[in-house]
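Novice: My questions all concern the structure below.
The values are calculated or read from the model by the stated rules, or taken from the named source; none is laboratory data. None of these values were measured; they are calculated from a predicted model. Note that we place each Cβ from the backbone using ideal geometry, even for glycine, and neighbour counts take in every protein chain shown. Surface accessibility is based on the protein's heavy atoms, side chains included, excluding ligands, DNA and RNA. Shrake-Rupley method; radii C 1.70, N 1.55, O 1.52, S 1.80 Å.
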Amino acid sequence: MDTKFARRTERIGSTTCSYWRAGRCNRNRCRFLHIETPSPPAACGYGNTAYSYGKKPHSSSENTPKYGSKKALLGDNGDRGDATRVAKAFKKSSPRICKYWINNNCVHGEQCLYLHSWFRGDGFSTVTKLHEHKKVITGIALPVGSDKLYSGSTDGTVRIWDCHTGQCAKVINLGAEVTSLISEGSWIFVGLQNAVKAWNIQTMSEFTLDGPKGRVRAMTVGNNTLFAGAEDGVIFAWRGSSKADSPFELVASLTGHTKAVVCLAVGCKMLYSGSMDQSIKVWDMDTLQCTMTLNDHTDVVTSLICWDQYLLSSSSDRTIKVWACIEAGSLEVIYTHTEENGVVSLFGMPDAEGKPILFSSCRDNSVHMYELPSFSERGRLFAKKDVALIELGPGGLFFTGDESGLLMVWKWLEVPMVASS
């Protein structure tokens, strides 16, 4: 009898109280656990490649308790200790944000096992949250010399924000999904269904650029040319015109992709395009001819950025690939980094110390930050839904826009100067 009772007690003692999880347990001495046993995180490996990409700094974890181990839960002395202490320790290392906290209704407070913060890491902080869009934010632009921030969304609006007050100064209802938005000089370009809107913020003039078929999901400017990638796989190119009716003239239609073009990038006198057909095409910006096609990804190519002499690409296949020019102008993958989830978008910028940081938005409602070229993790940003895009601002500011319509303003923190003796 005693043996059966002991076994039953041992079995109960290893079970977490379901009422405690819901914040409703009122037993003074509950026989169930009031802590969660954290799960072991998936290992993240880094390879060794040429150009130092993927080289991980040396570290030792021989004496570090593994998550979920008896030592991590009970401590060195073997006693269970206070549940709050265990919760805080796990919360500090947990890579997940509390989904109840982001909606202001977490009942656990300091005992919550998940982060009550929009970020994890040092050297940056949140400035403010702007949540007036109702759907996916598809473009963020801060024109040079302007004190207005522009944001576009699939809710059919472009919002203009006052950078001094943080308030929305104007809402432009376009009556159709805004699928992309960029700025160049005094121009704002808005991608829509079957067209691109061009607004000059100095002259207040407006023009419609026709030609694209379907949604315009990506735009970029290079070599005095506006490029717009459409849903039918065609990239349209406009250049300046002296015509009275429009300052833009359609000069070429770049064909080759078999599905929608979803990302564009310019670098080294080349235009790079990524598509839902899983390929990357390289175009000569002088001749506007395709010079090569890259087929290393196995799913949609979601983002492209040019950094120094490298091209970085991301995909829904969970990989980030680093490409370099090897010989005779050909591009080859020199390093592949694998995420746990599909990659939504990439963005690169220097931190407050000038170190290059790569932002990788993943399908887990977070943005992973990596130092380049080592790909060692620097920190992580969190959002209500997947972050669709990231944009750089002045004075150490940067912006993120997620699929819930939340626009976050962030700032790099200056590193304090240490006085020399």
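Novice: Are there any strands (runs of 3 or more DSSP E) wholly within region 331-421 with 1 or more residues that are open to solvent by less than 60 Å² (accessible area, probe 1.4 Å), under 18 Å from W307 (Cα atoms) and among the hydroxyl-bearing types (S, T, Y), and if so which?
Specialist: Counting at least 1 such residues, we get 331-338, 343-350, 356-362, 366-371, 376-382.
Novice: OK, next. With the condition kept exactly as written, say whether any residue in region 124-139 is touching a residue at least 60 places away in the same chain (Cβ under 8 Å) and either of a type in the set (F, W, Y) or touching a helix residue (DSSP H, G or I) at 6+ places or on another chain (Cβ under 7 Å) (or both).
Specialist: Checked region 124-139: at least one residue is touching a residue at least 60 places away in the same chain (Cβ under 8 Å) and either of a type in the set (F, W, Y) or touching a helix residue (DSSP H, G or I) at 6+ places or on another chain (Cβ under 7 Å) (or both).
Novice: If you don't mind, there's one more thing I want to ask. Counting only residues that are hydroxyl-bearing (S, T, Y) and either open to solvent by less than 10 Å² (accessible area, probe 1.4 Å) or in contact with a Gly (Cβ under 8 Å, 6 or more places away or on another chain) (or both), how many does region 304-326 have? I'd like the intermediate steps shown before the answer.
Specialist: Filtering region 304-326 down to residues hydroxyl-bearing (S, T, Y) leaves 310, 313-316, 319.
The next check asks that each one be either open to solvent by less than 10 Å² (accessible area, probe 1.4 Å) or in contact with a Gly (Cβ under 8 Å, 6 or more places away or on another chain) (or both); those that pass are 313-316.
Qualifying residue count, region 304-326: 4.
Novice: If you check L250 against the conditions, is it touching a residue at least 12 places away in the same chain (Cβ under 8 Å), within 21 Å of K281 (Cβ to Cβ), among the aliphatic types (A, V, I, L, M) and surrounded by fewer than 17 Cβ atoms within 10 Å (Cβ to Cβ)?
Specialist: yes
Novice: Return the only residue of T258, T291 being open to solvent by 10 Å² or more (accessible area, probe 1.4 Å), part of a loop (DSSP other than H, G, I, E, B), within 27 Å of E332 (Cα to Cα) and without any contact (Cβ under 8 Å) to a residue 40 or more places away in the chain.
Specialist: Among T258, T291, only T258 is open to solvent by 10 Å² or more (accessible area, probe 1.4 Å), part of a loop (DSSP other than H, G, I, E, B), within 27 Å of E332 (Cα to Cα) and without any contact (Cβ under 8 Å) to a residue 40 or more places away in the chain.
Novice: If you don't mind, another one. Kindly evaluate P356 against the criterion of being modelled with pLDDT of 90 or more and in contact with a helix residue (DSSP H, G or I) (Cβ under 7 Å, 6 or more places away or on another chain).
Specialist: Taking the combined requirement at face value, the residue does not satisfy it.
Novice: Might you let me know whether region 120-129 holds any residue that is touching a strand residue (DSSP E or B) at 6+ places or on another chain (Cβ under 7 Å), within 20 Å of T220 (Cα to Cα) and at pLDDT 90 or above?
Specialist: Checked against the condition, which is being touching a strand residue (DSSP E or B) at 6+ places or on another chain (Cβ under 7 Å), within 20 Å of T220 (Cα to Cα) and at pLDDT 90 or above, region 120-129 yields no hits at all.
Novice: Then there is this: Does G233 satisfy being touching an Asp or Glu at 6+ places or on another chain (Cβ under 8 Å) and either surrounded by fewer than 22 Cβ atoms within 10 Å (Cβ to Cβ) or part of a strand (DSSP E or B) (or both)?
Specialist: Yes: the conditions hold for G233.
Novice: Run V301 past the list (1) open to solvent by 40 Å² or more (accessible area, probe 1.4 Å); (2) within 18 Å of T220 (Cβ to Cβ) and report the number of the one that doesn't hold.
Specialist: (1)
Novice: Right, next: Of the conditions (1) open to solvent by less than 10 Å² (accessible area, probe 1.4 Å); (2) free of Cβ contacts under 8 Å to residues at least 40 places away in the same chain; (3) more than 17 Å from F189 (Cα to Cα), G156 fails just one. Which one is it?
Specialist: Only one criterion is unmet by G156, namely (3).
Novice: Here's something else I'd like to know. Could you run through region 289-302 and say how many residues are under 21 Å from K269 (Cβ atoms) and either modelled with pLDDT under 95 or of a type in the set (S, T, N, Q) (or both)?
Specialist: Qualifying residue count, region 289-302: 3.
Novice: Okay, next question. Under the condition of being under 18 Å from the mean Cα position of the chain (by Cα) and among the hydroxyl-bearing types (S, T, Y), which residue from region 134-153 is surrounded by the most Cβ atoms within 10 Å (Cβ to Cβ)?
Specialist: S151
Novice: A further question follows. So I137 clears everything in (1) closer than 26 Å to Y370 by Cβ; (2) touching a His at 6+ places or on another chain (Cβ under 6 Å); (3) modelled with pLDDT of 90 or more except one condition, right? Which one?
Specialist: Failed condition: (2).
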